[in-house]
1. Would it be correct to say that K37 is surrounded by 12 or more Cβ atoms within 10 Å (Cβ to Cβ), assigned to a loop (DSSP other than H, G, I, E, B), at pLDDT 80 or above and basic (K, R)?
2. Are there any pairs, at least 6 apart or on different chains, whose C-beta atoms fall under 6 Å, with the first in segment 216-241 and of a type in the set (S, T, Y) and the second in a loop (DSSP other than H, G, I, E, B), and if so, which?
3. Going by what's in this entry, would E83 be described as buried (at least 18 other Cβ atoms within 10 Å of the Cβ), at pLDDT below 90 and touching a strand residue (DSSP E or B) at 6+ places or on another chain (Cβ under 8 Å)?
4. Please work out which one of (1) over 29 Å from K274 (Cα atoms); (2) surrounded by 18 or more Cβ atoms within 10 Å (Cβ to Cβ); (3) modelled with pLDDT under 85 is the condition Y261 fails and give its number.
5. Which residue pairs have Cβ atoms under 9 Å apart, sit 6 or more places apart or on different chains, and have a first residue in segment 61-86 that is assigned to a helix (DSSP H, G or I) and a second that is polar (S, T, N, Q) and at pLDDT below 85?
6. Being assigned to a strand (DSSP E or B) and over 17 Å from E109 (Cα atoms) is the filter here; which residues of segment 121-132 pass it?
7. Do you know which residues across segment 239-252 are closer than 14 Å to Q200 by Cα and exposed (fewer than 12 other Cβ atoms within 10 Å of the Cβ)?
8. Looking only at helices (runs of 4 or more DSSP H) that lie completely in segment 141-236, which have at least 3 residues being surrounded by 12 or more Cβ atoms within 10 Å (Cβ to Cβ) and touching a helix residue (DSSP H, G or I) at 6+ places or on another chain (Cβ under 9 Å)?
Amino acid sequence: MKKIKQTIHLLVIISLIVLLNACTTIPNPYGYTASDKVKPMMAQKEINAEELLDVSIKLFDPGVLPEDEDDRKGLSEQIRNSEARFMPIHLKYTMQRTGYWGNVRVIPEESEGSELLIKGKILESDGETIELNIQVFDATNKKWFEKEYSHMVRNEDREETEIERHDTFQNVYNEISNDIIKYRQKLTPNEIENIKEISQIRFAKYMSPDIYSNYLKKESNGQYKINQLPSTDDPMIGRINAIKSRDEMLVDTINNYYDIYYTDMWESYDNWRKYRSEELGAIREIENKALTQKALGIAAIVGAIALGASKNSEVVDRTGALRTVMIAGGGYALYSGIQTSKESEMNKEALEELGDSFATEIDPIVIDIEGKTTKLTGSADQQYAKWKQLLKEIYHKETGF
């Protein structure tokens, strides 16, 4: 009898070991710690127009999804590309409300005329957590900073969402905006004026490199310095500024499209993140239950085998019925664990079906230039590239250069 008790004790130990090993295979989904609520910095008084920098936010780099299908858990290229549009647009709205900036626009690609350029890359975004890499440059090509921002969603984050104003991950957007404002507050009026002047010359150089190449000097650190300023009555600069205004009008047109896209996407995207978070929670619970069932099943079977392998024939005889029950019960527990895993797979498939729910195309833009109608087609990137080439053609036609 004493040996039977020892064997049962051994069975319990084996069960615990197997169970612990099974449980430790469950990944911890909470890789980030949620920070306290971040309040946006707001200008306490109106800032003079000449001290307001215009901001260009480039569409974010969508980053790379995990190669392993199980790690993706329903993420898709379509959703990530949509996020790469959604996030810079929401950052635009966040920055616009602060009162620290001039025009804030989202651009398909980098522009030589940007006074302040923000570039972002999505390192991770799965509905529960977000991690972004943000770089900020001014027109002098000076990098203000590069920083990674991360946040894990909380229940109260989802309850406060409001289109154009408060996103589930608003903490991240506020942190980014605040950091840029803190750097801007360090600038003197002369430094701001220098940024604006270099922005103007860089655009002029882009339009007419033969004329304006010598106006700027690029130093060894990659930053631009002014060699000479164009004359205030330079007719070429006047034409270039007029063309730059046309460029900004086209970017505004593209931004109108982005804004509509963002508004249309908001509800679906917000619901998708909420649904996906709930599904992931269910998947983790199911996987945990499945692993526990499998572990207990395996432990029971191993225990039954251990009893049957006893050298004591009395133990073997007395535990025959017990071993039968243990093997049957262990087999059922193992089967239940497998079935539960299949339920988890079904939930993953439901997540993956959401991957095709977002559009990625932009409608053609029709532009009238001096009585001539031009249609820009393709993606936003392609349309903007065609537009920039068209701007050069307009400038060359008007100036002969």
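1. On the way: surrounded by 12 or more Cβ atoms within 10 Å (Cβ to Cβ): yes; assigned to a loop (DSSP other than H, G, I, E, B): yes; at pLDDT 80 or above: yes; basic (K, R): yes.
When the stated conditions are applied, K37 passes them.
2. Once the first residue is of a type in the set (S, T, Y) and sits in segment 216-241, its partners that are in a loop (DSSP other than H, G, I, E, B) give Y224/T140; Y224/N141.
3. Working: buried (at least 18 other Cβ atoms within 10 Å of the Cβ): yes; at pLDDT below 90: yes; touching a strand residue (DSSP E or B) at 6+ places or on another chain (Cβ under 8 Å): yes.
Taking the combined requirement at face value, the residue satisfies it.
4. Exception for Y261: condition (1).
5. From residues that are assigned to a helix (DSSP H, G or I), the pairs are Q78/S357; Q78/T360; I79/S357; N81/T360; S82/S357; S82/T360; R85/T360.
6. Answer for segment 121-132, where residues must be assigned to a strand (DSSP E or B) and over 17 Å from E109 (Cα atoms): L123, E124, S125, T129, I130, E131, L132.
7. Within segment 239-252, just S245 meets the criteria.
8. Answer list for segment 141-236: 170-184, 189-207.
The values are calculated or read from the model by the stated rules, or taken from the named source; none is laboratory data. Remember, predicted model here, so these are calculated numbers, not experimental data. Positions of Cβ are generated from backbone atoms using ideal geometry, with glycine treated the same way; all protein chains shown enter the neighbour counts.
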